[in-house]
Amino acid sequence: MDFSLSPEIIALRDKTREFIADQIIPLENDERKSHHGPSEELRRELVGRARAVGLLTPHASKEMGGLGLSHIAKAAVFEEAGYSWLGPTALNIHAPDEGNIHLMEEVATVEQKERWLRPQVAGETRSCFAMTEPSPGAGADPSMLATTAVRDGDDYLINGVKWFITGADGADYIIIMARMEDGSATMFLSDMDRPGITLERNMDAMDACFTGGHGVLRFENLRVPASDVLGEIGKGFRYAQVRLAPARLTHCMRWLGQARRAHDIALNYVSRRHAFGKPLAEHEGVGFMLADNDIDLQTSRLHIWHTAWLLDQGEKCNYESSRAKVACSEAEWRVVDRCVQMLGGQGVTAESPVMRIFTDMRAFRVYDGPSEVHRWSMARKLVHAAGKTSS
Ligand SMILES: Cc1cc2nc3c(=O)[nH]c(=O)nc-3n(C[C@H](O)[C@H](O)[C@H](O)COP(=O)(O)OP(=O)(O)OC[C@H]3O[C@@H](n4cnc5c(N)ncnc54)[C@H](O)[C@@H]3O)c2cc1C
């Protein structure tokens with residue numbers, strides 16, 4: 001495995017680090033935000049700053065207006081962007097847009113790309129991805145998909161309810177997973193202002209880093225022309241994997257940046273703050289937390305880089321991306337939790353950015369597959385492989 005970076009990628013990583021420090025972190029206390037995330041006005045300013053320095057949507061293909069980064073290059077750049085919770089929004093690499101851009105690049109037609117993808121890569125529009133539904137619909141188990149799509153002449157009529165849809169409020173277009181009459185699943189594209197789509201409400205959530213928050217959407221006889229089917233009819237679950245394997249990994253990259261930031265803040269604090277006659281860092285109990293943080297940060301980085309390298313070799317990496325997602329979401333969470341502890345009272349107040357990182361990060365162990373589901377799926381694959389070997 002070769003993790004070496006080209007001089008261009010090293011320069012891009014360093015440029016991102018500098019950009020986040022000089023232009024994005026100073027905006028973290030900007031008032032243009034709600035408890036659901038940065039406002040559209042703030043998002044536009046952040047995106048404008050990234051555009052001005054040539055860092056906007058770096059993962060998109062050069063043809064669409066991006067920099068065409070490899071997965072390894074993304075690992076280097078996204079960790080730096082993640083150092084500020086506003087960084088991924090600025091670079092246009094936050095969920096769900098980052099994953100949707102990847103999926104659209106892979107599956108959309110030329111016309112669909114021109115209509116929806118190109119303005120999105122330019123940072124002018126936003127999208128959302130609608131899979132999850134209230135019980136008894138799709139959740140941890142996507143096969144329980146209950147939203148239906150029924151053919152009606154040249155169109156499809158979509159009916160159902162989706163929730164937790166990140167960025168729905170203010171999104172320009174949506175990718176909807178729906179069940180066909182034969183039980184298979186299909187992805188549909190739609191502008192958000194079509195009749196038949198209602199944003200019922202935004203959910204109050206622990207995190208506050210996604211523009212548009214997390215919405216509940218109702219589809220009532222939403223009419224989608226056959227030309228707006230994304231990819232082929234019946235291949236929705238396969239495309240979900242095309243989107244999810246790399247999208248899980250980019251979450252790991254961005255949250256690694258946030259965990260590193262929390263660690264840097266805590267390290268600075270315990271090096272200066274004294275208790276019982278010496279700096280906190282010189283007490284063994286605190287020093288062990290610092291060492292454990294470093295181990296967890298580096299373990300996360302190695303999982304990310306290993307899986308990114310495999311993706312760059314053209315491997316599908318469903319198993320490896322599950323493993324990386326569990327390892328990173330839990331290790332990065334442990335880092336931030338230790339940082340809260342090391343900061344004492346400040347760790348649980350907005351006096352320090354660490355509280356914010358803590359509340360923003362918790363959901364990472366649930367979305368894009370809860371840890372338990374990834375472990376369960378990995379175990380099935382391990383048992384299956386062992387059966388093959390022994391027979
Ligand atoms: C902040 C946030 C943003 C999200 N954004 C989006 C989005 O943009 N679009 C979208 O479609 N969805 C989104 N989701 C939904 C997310 O993907 C689901 O919450 C997740 O898949 C779990 O589904 P559920 O909430 O219905 O949990 P359930 O399916 O009810 O599962 C609840 C819990 O049961 C346990 N469990 C389930 N299956 C197993 C098993 N086999 N073995 C052991 N334990 C198990 C797990 O602990 C799981 O957390 C988002 C969620 C959050 C929290």
Can you tell me which residues in region 126-144 are in contact with a Pro (Cβ under 8 Å, 6 or more places away or on another chain), in contact (Cβ under 8 Å) with a residue 24 or more places away in the chain and over 22 Å from Asp193 (Cβ atoms)?
Ala140
For region 43-63, which residues satisfy the criterion of being touching a residue at least 60 places away in the same chain (Cβ under 8 Å), part of a helix (DSSP H, G or I) and of a type in the set (A, V, I, L, M)?
Val47, Ala50
If you go through Ala95, Ala81, the only one that is closer than 22 Å to Asp207 by Cα, within 16 Å of the ligand (Cβ to nearest atom) and of a type in the set (A, V, I, L, M, F, W, C) is Ala95
Residue count for region 170-205, restricted to those that are within 12 Å of the ligand (Cβ to nearest atom), assigned to a loop (DSSP other than H, G, I, E, B), over 20 Å from Glu114 (Cβ atoms) and touching a strand residue (DSSP E or B) at 6+ places or on another chain (Cβ under 8 Å)
2
It is to be established whether one or more residues within region 209-216 are at pLDDT 95 or above and either surrounded by fewer than 17 Cβ atoms within 10 Å (Cβ to Cβ) or among the basic types (Lys, Arg) (or both).
no
Matching entry among Asp264, Asp292 (being surrounded by fewer than 17 Cβ atoms within 10 Å (Cβ to Cβ), touching a residue at least 40 places away in the same chain (Cβ under 8 Å) and under 30 Å from Met1 (Cα atoms)):
Asp292
Filter region 310-331 for residues that are open to solvent by 50 Å² or more (accessible area, probe 1.4 Å) and assigned to a loop (DSSP other than H, G, I, E, B) and give the result.
Gln313, Gly314, Glu315, Lys316
Residue satisfying all of: in region 206-216; of a type outside the set (Phe, Trp, Tyr) and closer than 23 Å to Arg44 by Cβ; farthest from the ligand (Cβ to nearest atom) among these
Thr211
So which residues in region 332-390 are part of a helix (DSSP H, G or I), more than 16 Å from the ligand (Cβ to nearest atom), polar (S, T, N, Q) and open to solvent by less than 90 Å² (accessible area, probe 1.4 Å), if there are any at all?
Gln346
Looking at (1) part of a loop (DSSP other than H, G, I, E, B); (2) open to solvent by 20 Å² or more (accessible area, probe 1.4 Å); (3) in contact (Cβ under 8 Å) with a residue 12 or more places away in the chain, which one does Gly66 not meet, given that it meets all the others?
(2)
Residue set Lys74, Lys33; condition at pLDDT below 95 and of a type in the set (Lys, Arg); output residue Lys33
So which of Val336, Val340 ends up being of a type in the set (A, V, I, L, M, F, W, C) and over 19 Å from the mean Cα position of the chain (by Cα)?
Val340
Just checking, which of Gly167, Gly153, Gly123, Gly215 is without any contact (Cβ under 8 Å) to a residue 12 or more places away in the chain and not basic (Lys, Arg)?
Gly153
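Listed here are the residues, each with its yes/no results for (1) under 19 Å from the mean Cα position of the chain (by Cα); (2) farther than 20 Å from Ala208 by Cα.
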{"position": "Met1", "(1), (2)": "no, yes"}
{"position": "Ser4", "(1), (2)": "no, yes"}
{"position": "Ala11", "(1), (2)": "no, yes"}
{"position": "Ile25", "(1), (2)": "no, no"}
{"position": "Asn29", "(1), (2)": "no, no"}
{"position": "His35", "(1), (2)": "yes, no"}
{"position": "Ser39", "(1), (2)": "yes, no"}
{"position": "Leu46", "(1), (2)": "yes, no"}
Find the residue count for region 122-161, including only residues that are part of a strand (DSSP E or B), in contact with a Lys or Arg (Cβ under 8 Å, 6 or more places away or on another chain) and near the ligand (Cβ under 7 Å from one of its atoms).
2
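The values are calculated or read from the model by the stated rules, or taken from the named source; none is laboratory data. Only a predicted model underlies this, so the values are computations on that prediction, with no experimental measurement involved. Glycine also receives a Cβ, built like all others from the backbone with ideal geometry; neighbour counts cover every protein chain displayed. Accessible surface is based on the protein model in full, side chains and every heavy atom, while ligands, DNA and RNA are left aside. Shrake-Rupley method; radii C 1.70, N 1.55, O 1.52, S 1.80 Å.
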